[in-house]
Amino acid sequence: MGATITGNASAVDPGIAGKGYVHPEVLVSTNWLADHIDDPNIRIIESDEDVLLYDTGHIPGAQKVDWHQDLNDPVLRDYVSSEQFEKLLREKGIDESTMVVFYGDKNNWWAAYAFWVFQLFGFTNAKLLDGGRIKWEQEGRPFNTDVPRLAKTSYKAPKRSDERIRAFFQQVREHSAAGKPLIDVRSPEEYTGQRTHMPDYPQEGTLRGGHIKGARSIPWARAANPDGSFKDAASLRAIYEQEKGLKKGDDIVAYCRIGERSSHTWFVLSYLLGYDRVRNYDGSWTEWGNAVRAPIEKGPEK
């Protein structure tokens, strides 16, 4: 169930190597990307919460992946089929030989989500830009509005495999009943039930506030520095292990509202800290909070 890194994605950016991660090869620094921005074997993908942001300006050479239109099935609450994923990558000029570097707004939460969806299809030649859009912008690096037009590839997508890194409602129910580690990465107000949505965001139809029984509260953004980059491994271990008691051998499920913030935490635990068994419950609170007879708890962590 753990993260798998293939050889074609194994090179380590010197700017990341000193941060102490178990898998530093899944990150690149802004310096590295600036030096490799014209590499024909790299595809840069911007995936934002604000789906209009790309059009206002993006890293030169970047293409857009819209988390809603490109990655989600238009009929089922599920992800795209293998055929749809294959079509997307072919149109973006991506195949197994191209390295994909994801970045986005909001400390990379939707970039991590896109990275996670690519992993469902076994696409492992992928990295995140440490710090994402905010760090690139803060450093005064260039943006433009040109949309790349790349030659289509003949990429062949495998069948999507959810078992290793994705959890579903009944699995989470059994996980909770067994007392296994559940990580609620939402804001403290959402966790306690004081709110049913993020501060300054609209209510999305959840009927009940609270958290899944036994879940521990570790807001996703605690893993990030002010510039959007990930904290170093020692700082992350202080949060997840020393403060919250997680252990590397634990079977862990993370959840949030619809799976985007918990993708960020899944990335941290799986790759930066090297945990072998971490799944993202993308149904998250919009499913659990509305499900009949799904037990919840309210109030602060016990």
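The values are calculated or read from the model by the stated rules, or taken from the named source; none is laboratory data. Bear in mind the structure is a predicted one, so any value in this text is a computation, not a measurement. Positions of Cβ are backbone-derived with ideal geometry, glycine not excepted, and every protein chain shown enters the neighbour counts. In case anyone asks, the SASA skips ligands and DNA or RNA and just uses the protein heavy atoms, side chains included. Shrake-Rupley method; radii C 1.70, N 1.55, O 1.52, S 1.80 Å.
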Taking the condition in contact with a helix residue (DSSP H, G or I) (Cβ under 8 Å, 6 or more places away or on another chain), open to solvent by 10 Å² or more (accessible area, probe 1.4 Å), modelled with pLDDT of 95 or more and over 19 Å from GLU189 (Cα atoms), does ARG237 pass? no
How many residues are farther than 16 Å from LYS244 by Cα and outside any loop (DSSP other than H, G, I, E, B) when one looks only at the range 266-302? 14
Could you please let me know if ASP232 is of a type outside the set (Lys, Arg) and in contact with a Gly (Cβ under 7 Å, 6 or more places away or on another chain)? yes
Scan the range 248-261 and give yes if some residue there is open to solvent by less than 60 Å² (accessible area, probe 1.4 Å), among the hydroxyl-bearing types (Ser, Thr, Tyr), within 30 Å of GLN138 (Cβ to Cβ) and not in a loop (DSSP other than H, G, I, E, B), otherwise no. no
Could you check LEU269 against (1) crowded, with 16+ Cβ neighbours inside 10 Å; (2) more than 20 Å from VAL117 (Cβ to Cβ); (3) within 18 Å of the chain's Cα centre (by Cα) and say which number it fails? (2)
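Within the range 183-221, restricting attention to residues that are β-branched (Val, Ile, Thr) and either modelled with pLDDT of 95 or more or in contact with a Pro (Cβ under 6 Å, 6 or more places away or on another chain) (or both), which residue is surrounded by the fewest Cβ atoms within 10 Å (Cβ to Cβ)? Show your work before the answer.
Residues of the range 183-221 β-branched (Val, Ile, Thr): 183, 185, 192, 196, 206, 212, 218.
Applying the additional criterion that residues be either modelled with pLDDT of 95 or more or in contact with a Pro (Cβ under 6 Å, 6 or more places away or on another chain) (or both) yields 183, 185, 192, 212, 218.
Working: ILE183: 26, VAL185: 30, THR192: 18, ILE212: 24, ILE218: 22.
Residue satisfying both the conditions and the ranking: THR192.
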Evaluate the range 63-78: report whether one residue or more is closer than 23 Å to PHE230 by Cα, more than 18 Å from the chain's Cα centre (by Cα) and surrounded by fewer than 18 Cβ atoms within 10 Å (Cβ to Cβ). no
Looking at GLU260, is it at pLDDT below 95 and under 19 Å from the mean Cα position of the chain (by Cα)? yes
Quick one: in the range 89-128, of everything that is small (Gly, Ala, Ser) and outside any helix (DSSP H, G or I), which residue is surrounded by the most Cβ atoms within 10 Å (Cβ to Cβ)? GLY104
Among ASP227, ASP250, ASP232, ASP184, which is the only one that is touching a strand residue (DSSP E or B) at 6+ places or on another chain (Cβ under 6 Å) and not hydroxyl-bearing (Ser, Thr, Tyr)? ASP184
Check on ALA157, part of a helix (DSSP H, G or I), of a type in the set (A, V, I, L, M, F, W, C), in contact (Cβ under 8 Å) with a residue 24 or more places away in the chain and surrounded by 14 or more Cβ atoms within 10 Å (Cβ to Cβ): no
Kindly evaluate GLU174 against the criterion of being of a type outside the set (Phe, Trp, Tyr), under 30 Å from THR56 (Cα atoms), free of Cβ contacts under 8 Å to residues at least 40 places away in the same chain and part of a helix (DSSP H, G or I). no
Name the residues in the range 170-182 that are exposed (fewer than 13 other Cβ atoms within 10 Å of the Cβ) and at negative phi, would you? GLN170, GLU174, ALA177, ALA178
